[in-house]
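Q: Dumping the structure here so I can ask a few things about it.
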Amino acid sequence: MNGRKRAAVKASTSIVHVPNQEALVLPCRILQLPRRTIYEILSRLPIKTLFQCRSVCKRFLCFISDPEFAKLQLSKSQVCILIKTLPLQNASKRLQLAHVEANGSTFEVSKLNFTPKSNLPTIDISHMNACNGLLCLVGSEKDYNIYVCNPILGEFITIQPPYKDRQRGSFWGLGYSAMMNQYKVLQSYYPAMESNNRYAMAEIYTIGTGTWRSIGSAPIDTVALPFNAFLNGALHWFPCTPNGSEFIHTFDFDSEKFGTLPPPDHFRETDKKFTNYSRIGVLGGCLFMIYFTNSTRFDIWVMKDYGVKESWIKQFVIENLYPKQGSWDFYEPMVVLNNGEILMLFNNDAVVCYNQKRKNLRGTKFFRTRSQFDATAFTPSLVSLNNVAKGEQISRMQGTKDYDKLCTEEFQDCADCGALLVNPSCSFPAFGVPYGAVTYHMYGLYQSWSCSSEIVSDPVEYVKKTVIEEI
């Protein structure tokens, strides 16, 4: 055997032969690391890149499909903005998800569209909220079902109301009990009664049990959950009532009880009548509450130690607002960016950005909608309903079954050869067909540009550049 042939035989163990393409040398050194270290590395990657890594080989697919990895990835995933347009028009038949990062004076935005045929179980959505990587959708008046889904994976379960001859109340929401490691859906309703003395009742649906349980009376006030309502195992909201009420209402999913939290000391009883103009929510892992001093300024108070009244501090002062003669605008803080700027929902029809150093507001072009919209905080995750809703019927959106079949049957295993083998017959878009299209945009004050996303053929090199230096 001559030297040229011996060299060819030696190289065959580490080179992937792709028809009509140049040979690729794809080292697999990352698989020599401990599993926990691999999980730590992969969990820091964007959700889009994780799906690219699923398409590499069976071992990567096994890693990323592991419930332990899904839990770790969820703990590191960033809060995104999920919007639904109002009223229910053609544009509202899809939800738009955006992750925003600051890059100096510009923003880097990745977007993902969730559509009914690929990600969502229903066309008409009246309400939505999210918790721990899962999304809860309430159907329109014609559809009384509640849907809990992971739009990233295209999985959902359908929760039917126990009775159809009664009126649904104004309160509902998805939450998570860390004590029981269970997701729960809360809703209020009005029992069918002949008398005019109506009272609201509350019931709980524990995902995985398939049954509703009554837990007693519920608040009768109209409830509108804030952008990010879930913290410390509880939902938080302001009751919408003109006569005033307690400042902050809560529902704890561990104890399954309603409660209240105290406001800062300087809040007066008369301030309760203006809670329609104020907002609460979660910002930077803490409960916050905004207090208007006048129509052009408000303060953001933050509860540093949850449940402790003395821990309220005035952390932000938002000035130079857009004043309207004879009316007040609605502002709701959503996300504090890494450069200190604050993204806020403005009058439910725009997302604005407040610069703390310059003390001014500026508009953004993240969402191009023609009407008002609802927004909720959603954390993209790989939490599978197969591990959450055991025993319940789990449905899959169109196309996801074919994708999973290709992943398990067509991908070659790299365990024996020591190389990352990508089957040339499997050609996937950057995020997989069932999961929608992802586009990246860089937004400045007046201009925007888009950059293409590349398939990650070598996750090792990608991880070296983006992740390993952080560990």
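The values are calculated or read from the model by the stated rules, or taken from the named source; none is laboratory data. All values reported here derive from a predicted model rather than from experimental measurement. We place every Cβ from the backbone using ideal geometry, glycine too, and count neighbours over all the protein chains shown. Each accessible area value is taken on the protein alone, full model and side chains, heavy atoms only, with ligands, DNA and RNA left out. Shrake-Rupley method; radii C 1.70, N 1.55, O 1.52, S 1.80 Å.
Q: Name the one entry in Ala224, Ala229 that is aliphatic (A, V, I, L, M), surrounded by fewer than 22 Cβ atoms within 10 Å (Cβ to Cβ) and either out of contact with any Pro (no Cβ under 6 Å at 6 or more places or on another chain) or modelled with pLDDT under 80 (or both).
A: Ala224
Q: If Ile30 satisfies all but one of (1) at pLDDT below 85; (2) touching a strand residue (DSSP E or B) at 6+ places or on another chain (Cβ under 9 Å); (3) among the hydrophobic types (A, V, I, L, M, F, W, C); (4) surrounded by 12 or more Cβ atoms within 10 Å (Cβ to Cβ), what's the number of the condition it fails?
A: (2)
A quick yes/no check of all residues on (1) surrounded by 18 or more Cβ atoms within 10 Å (Cβ to Cβ); (2) in the same structural domain as His127 (by the TED database); (3) in a helix (DSSP H, G or I); (4) modelled with pLDDT of 90 or more:
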{"residue": "Val18", "(1), (2), (3), (4)": "no, no, no, no"}
{"residue": "Glu22", "(1), (2), (3), (4)": "no, no, no, no"}
{"residue": "Ile38", "(1), (2), (3), (4)": "yes, no, yes, yes"}
{"residue": "Lys48", "(1), (2), (3), (4)": "yes, no, yes, no"}
{"residue": "Ile64", "(1), (2), (3), (4)": "yes, no, yes, yes"}
{"residue": "Lys84", "(1), (2), (3), (4)": "yes, yes, no, no"}
{"residue": "Ser92", "(1), (2), (3), (4)": "yes, yes, yes, no"}
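Q: Could you please give the count of residues in segment 97-135 that are assigned to a loop (DSSP other than H, G, I, E, B) and either among the charged types (D, E, K, R) or open to solvent by 20 Å² or more (accessible area, probe 1.4 Å) (or both)?
A: Residues that pass the stated criteria total 10.
Q: If you go through segment 159-172 one residue at a time, do you hit one that is at negative phi, outside any strand (DSSP E or B) and at pLDDT 90 or above?
A: no
Q: Moving on. Is there a residue being among the hydrophobic types (A, V, I, L, M, F, W, C) and part of a strand (DSSP E or B) anywhere in segment 385-393?
A: no
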